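Note sheet for the following structure.
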Amino acid sequence: MPDPYWNHNVHYHPLVLGAVPDGCRAAVDVGCGDGLLVRKLAGRARTVTGVDRFPEAIRQARRQSAQVANADFVEADFLDDPLPEGAYDFVSAVAVVHHVDFSKALSAMARLLAPGGRLVVVGLAGNRTPLDWIISGAGLPAARFLAWRHGGKGGPAVPIEPPDLSWAQVRQASRTLLPGSRFRRHLLWRYSLIWERRD
C-alpha cells in the first residue's frame, strides 16, 4: 500500500523497517506523530506502541490506526514519563532527538531496550564546516526530484526545530554514549544511528 504522503522522514522509513529484528515481540516508536511508522511496524512486531507528547498527534494516530489491532498509543514525554525499562526489542525515533537533549534522549531510549534489542534513530544535524555544506548541497537535486516524483505530498504539519549539534558532534556523542553504534550520514539531510544492546 503506498504511503499517504512523502517527506524526508518518510523516505527513511524503509531503513527503519529493515532494522527490525526477526521475531520482534514489542516495538516502540518515540515521537510517533500521526502513527504512520507505527502502522508499518505493526507488520513486523507482535505489538507496537507509539509515543508522542502532543495530544493532537496522538488523537490523529489513534483515529488513523483504529483498524490496527496490535498498535496502541500513549500521550507522554518519553523523558519525563518513562516507559517500562527493558521492555522492547525495537525502539525507533525519526526526527525526534534534535528537539530534546541528545544525551538524555539516547540514554532514555537505550534503557527501553531488552537485552539483544535494537535502537534506530534517524535524525538531523547542523552544518558547521565547508564539507558539511557541500554534502548538504548535494542533497538538493535529489530532494527536488523525489518531491516531484511523490507529488509533493508533504504530510501533516509538525513542529520544526533546528538541530543544535553538528554532524561531527552527533557522531562523537553517539560513540561515547552508545559504544559500538553505527553512524551514517544520508543524502536528504538525515543521519541514521543503529545500536544493539548486548547485555
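For the pair Asp132 and Arg184 in one chain, pulling the backbone fully straight at 0.36 nm per residue adds 17.4 nm over the alpha carbon distance.
Sites listed here are GluC sites (Glu not before Pro) in segment 8-112 whose DSSP assignment is loop and whose Cβ has at most 16 other Cβ atoms within 10 Å: Glu85.
Rolling a 1.4 Å probe over the heavy atoms of the protein chains gives segment 95-168 an accessible area of 54 Å² per residue.
Taking the 1.4 Å solvent-accessible surface of segment 24-101 as the whole, the part contributed by carbon and sulfur is 46%. A simple charge model with +1 on the Cβ of Lys and Arg, -1 on the Cβ of Asp and Glu and nothing else charged puts the dipole of segment 114-199 at about 300 debye relative to its Cα centre. With no solvent and one equal point scatterer placed on each C-alpha of the chain, evaluate the Debye formula and give log10 I(q)/I(0) for q = 0.13, 0.15 Å⁻¹, two decimals. So the normalised log intensities work out to -0.68, -0.92.
Magnitude of the charge dipole for the chain, about its Cα centre and with charges confined to Cβ atoms of Lys, Arg (+1) and Asp, Glu (-1), is about 700 debye. Taken along the Cα-to-beta-carbon direction at a fixed 7 Å, the label points for Val74 and Gln172 span 3.4 nm. Extension gain for Phe54-Leu140 works out to 27.9 nm (0.36 nm per residue, less the C-alpha to C-alpha distance). Model label points for Lys104 and Ala87, set 7 angstrom from Cα along the Cα-to-Cβ axis, are 2.1 nm apart.
Each other residue within a Cβ distance under 11 Å of Leu165 adds +1 if Lys or Arg and -1 if Asp or Glu, for a net charge of 0.
Take every pair of alpha-carbon atoms less than 8 Å apart whose residues are at least six positions apart; their mean separation over the length of the chain yields a relative contact order of 22 percent. Over the C-alpha atoms of segment 23-122, the Rg to Rh ratio, Rh being the Kirkwood estimate, stands at 0.93. Note on the chain: GNM, Cα springs under 10 Å; of Ala125, Ala26, Ala168, the largest mean-square fluctuation is that of Ala168. Dividing the summed helix terms, -39500 (n - 2.57) for each DSSP H run of n ≥ 4, by the number of residues in the chain produces a 222 nm estimate of -9500 deg cm²/dmol to the nearest 500.
Between Arg46 and His150, the modelled label-to-label distance comes to 3.2 nm, taking each label 7 Å out from Cα in the direction of the beta carbon.
The values are calculated or read from the model by the stated rules, or taken from the named source; none is laboratory data. Everything numeric here is computed off the predicted structure, so don't read it as measured data. Cβ sites come from the backbone with ideal geometry, for glycine too, and all protein chains shown count toward neighbours. What goes into the accessible areas is simple: the full protein's heavy atoms, side chains included, and nothing from ligands, DNA or RNA. Shrake-Rupley method; radii C 1.70, N 1.55, O 1.52, S 1.80 Å.
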